[in-house]
Amino acid sequence: MSQTLFSWDLFKKAPIIGIVRNLAVEDVIQILPIYRNAGLTTIEITMNTAGAEDLIRYAVAQEQTGLNIGAGTVCTEPELERALAAGAQFIVTPILNENVIRTCVARDIPIFPGAFTPSEIYKAWSLGASMVKVFPAASLGPSYLKEVKGPLNQIKLVPTGGVSLANMTDFLKAGADGLGIGGQLFDSKLIQQKNWDGLQQHFRQFVNQLTTRST
């Protein structure tokens, strides 16, 4: 279990959770400092990525003072235990697993469980979720988030799935407390080309777009 706690101050500086899925280990090692230098602060390595636990350990050892390092696609309690043993500072799930949520709450580990309907979202929050991942968010778009936030304005929501540079401002204006972004953030073409300068500029576009969230 990580000795460094999740930093909400870091997250609030750039409330984007970058989702690393199925990237090569050597590419992730290159990407981590670029991600941090671009102004991003929170990154999730999915447990169904090859070498996920080793990547989490490496990331925590190298970047724990500048990045929040979490584990994603955590669906079961055994996966949760492996993620925490690797040092994950927060947990993200695509589904609503009550036991996973309760375990994280008991251990003071921020947990962002996946939910979609208002009932699922409220249940996740009532179980102690730090924020609720609205997934898949693109299916109904920012208007759905705004509708849910009407009666459930106390719940912190993180739309995930289909969030991009083009629509992230709309999600933020609809009331999103954070954004989960995967393939749109980790541009596969730039990574394949090893265009690290281009990737850093790409990351910075997302950071710059965050400045519109309060306008």
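A few remarks follow.
- Candidates per trypsin sites (Lys or Arg not before Pro) in segment 111-215, loop by DSSP, up to 13 other Cβ within 10 Å: LYS194
- Gaussian network model of the chain, Cα within-10 Å springs - most flexible of LEU140, LEU67, LEU179: LEU140
- Residue order for LEU5, LEU10, LEU55 - accessible surface, 1.4 angstrom probe, largest first: LEU5, LEU10, LEU55
- Close lysine pairs were tallied over the chain: pairs 8 or more places apart or on different chains with Cα atoms under 20 Å apart number 19.
- Here the dipole of the chain is about 540 debye; that uses its Cα centre as origin and unit charges on the Cβ of Lys and Arg (positive) and Asp and Glu (negative).
- Positive-end residue, segment 8-207 charge dipole about Cα centroid, Cβ charges, pick of LEU96, GLY18, VAL163: VAL163
- In nm, spacing of pseudo-spin labels at ASP177 and ARG102 (7 Å Cα→C-beta vector): 2.2
- Structure-based [θ]222 nm, the chain - -39500 (n - 2.57) summed over DSSP H runs of at least 4, per residue, nearest 500: -12500 deg cm²/dmol
- Relative contact order of segment 59-146: 22 percent, from C-alpha pairs under 8 Å at least 6 residues apart in sequence.
The values are calculated or read from the model by the stated rules, or taken from the named source; none is laboratory data. These numbers were taken from a predicted model, which means no experiment stands behind them. Please note: Cβ atoms are built from the backbone with ideal geometry, for glycine as well, and neighbour counts cover all protein chains shown. Calculation scope for accessible area: heavy atoms of the full protein, side chains included, ligands and nucleic acids excluded. Shrake-Rupley method; radii C 1.70, N 1.55, O 1.52, S 1.80 Å.
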